[in-house]
Amino acid sequence: MEKFLENTHYIDYTNPSIKQLASELKSQSNDDISLIKLTYEYVRDKIHHSWDAQDKRVTATASDVLREGAGICWAKANLLAALFRANEIPSGFSYQRLTLGDTVDTGYCIHALNTVFIPSLNKWIRLDARGNKEGVKAEFSINEEKLAFKICSPGEVDYHDNHSVPDMGLMKVLEENTDALDMYLHHLPDKLSYGNRIP
């Protein structure tokens, strides 16, 4: 479990602002499940998805995302993992390959989820903090996954993976772009760099 609790460049939970927010969330919680739910809902609802908000700022590290209040799913996942880890809750990353639009001819992209270990239940679950909007409704659930997107088109894949660090290929894209909207339209990769898996 140690690797799912590490402080890293992108999951920089020793940052004072992240530590403070994690402490505030813990003070409002009664147990590990309520803390996980509250933390998840904070990132899902309080941090805007860049595309939904039409926000050009590119964020990458957890502290960047918290400071700016926005990020795409890859960045929001970094913040959620950091907040969990700041409260000694193991957390990682899982991914899906999804169509960019409603049909396969729109191309594909990689969507980030979080994994989180619930100590009192001794189980891992996956959460999607992308942010809800019309037609997208992800929720906290310990019994069944209620993610933002279902796999429904040819070429889409749910990897059901669990990594302790975010995909470095995706992080490189964040570091190399200065306009989140342009990045979203033109520079989203459709495969992971973890072993270069392609369905």
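The values are calculated or read from the model by the stated rules, or taken from the named source; none is laboratory data. Remember, it's a predicted structure, so these values are computed and weren't measured experimentally. All Cβ positions, glycine included, derive from the backbone under ideal geometry; neighbour counts span all protein chains shown. Areas reflect the complete protein model, heavy atoms only, side chains present, ligands, DNA and RNA absent. Shrake-Rupley method; radii C 1.70, N 1.55, O 1.52, S 1.80 Å.
Roll a 1.4 Å probe over the protein chains and send me the accessible area per residue for segment 1-66 in Å². Heavy-atom accessible area per residue stands at 54 Å². Computed with the Debye formula from one identical point scatterer per Cα of segment 1-147, without solvent, the log10 of I(q)/I(0) at q = 0.08, 0.09 Å⁻¹ comes to -0.20, -0.26. Simple spin-label estimate for residue 23 and residue 45 gives 2.4 nm between the two label positions (7 Å along the Cα-to-Cβ direction from each Cα). By accessible area, using a 1.4 Å probe on protein heavy atoms only, segment 15-160 has 47% of its surface on carbon and sulfur. Between 43, 104, 58, where does the largest GNM mean-square fluctuation fall for the chain, given springs only between Cα atoms within less than 10 Å? Maximum fluctuation in the GNM of the chain, among the listed residues, is at 104.
For segment 58-199, a simple Cβ point-charge model (Lys and Arg +1, Asp and Glu -1, everything else neutral) yields a dipole of about 380 debye relative to the Cα centre. Quick one: check the C-alpha center-to-center distance for segment 132-199 versus segment 31-57, whole angstrom. Each part reduced to its Cα centre gives a spacing of 16 Å.
Averaged over its residues, segment 146-187 has an accessible area of 55 Å² per residue, based on protein heavy atoms and a 1.4 Å probe. Considering only alpha-carbon pairs that sit under 8 angstrom and 6 or more positions apart, the relative contact order computed for segment 50-199 is 26 percent. Averaging the sequence gap over all C-alpha pairs within less than 8 Å and six or more residues apart, then dividing by the number of residues, gives segment 7-94 a relative contact order of 37 percent.
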